[in-house]
Amino acid sequence: MQLRAGAKVLLHSVDPRILIADEPTTALDVTVQAQVLGLLEESKVRGKAPIFISHDLAVVSCIADEVLVMHEGEVVERGSADQVFEEPQHAYTRQLLDAVPSVRP
């Protein structure tokens, strides 16, 4: 709860136009993770531009409008979240997506 309150105070007092969130949900339990993601969604609604940096593709697929995939410091794929997750063009993107555990048999 303190993390959410602190983040909310920071977002409202500083009021940045762009917010860079580098692995903001790493090592958080699911409840706190949902609260942080909720704050990022709120910032989008208020016209802010959050840049979400993460290795958690499941989270990225839920919150991102546009996705950039980087490999060895270079952007290898860029597109809407739907494009990148449903029709990946680059081999590295396909490898990343194939590595995500699935609940499907």
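Some points to look at:
- The phi-based Karplus calculation (6.51 cos²θ - 1.76 cosθ + 1.60; θ = phi - 60°) puts the 3J(HN,Hα) values of region 69-77 at 9, 10, 9, 6, x, 10, 6, 9, 7 Hz, whole numbers, x for Gly and Pro.
- Cα gyration tensor of region 21-99 - equivalent ellipsoid semi-axes, whole Å, descending: 23, 14, 11
- Reciprocal mean inverse distance between Cα atoms of region 64-105 - Kirkwood radius, Å: 10.8 Å
- For Gly79, residues with placed amide H under 5 Å, excluding near neighbours: Val67
- Solvent-accessible ranking of Leu39, Leu68, largest area first, probe 1.4 Å: Leu68, Leu39
- Ranked order, Ile18, Ile53 - accessible area, probe 1.4 Å, largest first: Ile18, Ile53
- Here the Karplus curve 6.51 cos²θ - 1.76 cosθ + 1.60, taken at θ = phi - 60°, turns the phi angles of region 46-60 into couplings of 7, x, 8, 10, x, 9, 9, 9, 7, 9, 8, 5, 5, 5, 4 Hz, with x standing for Gly and Pro.
- Cut-off under 5 Å, modelled amide H: who pairs with His71 long-range: Val76
The values are calculated or read from the model by the stated rules, or taken from the named source; none is laboratory data. This is a predicted model, so every value here is computed, not measured. For the accessible areas, the whole protein counts, side chains as well, though only heavy atoms, and no ligand, DNA or RNA atoms are used. Shrake-Rupley method; radii C 1.70, N 1.55, O 1.52, S 1.80 Å.
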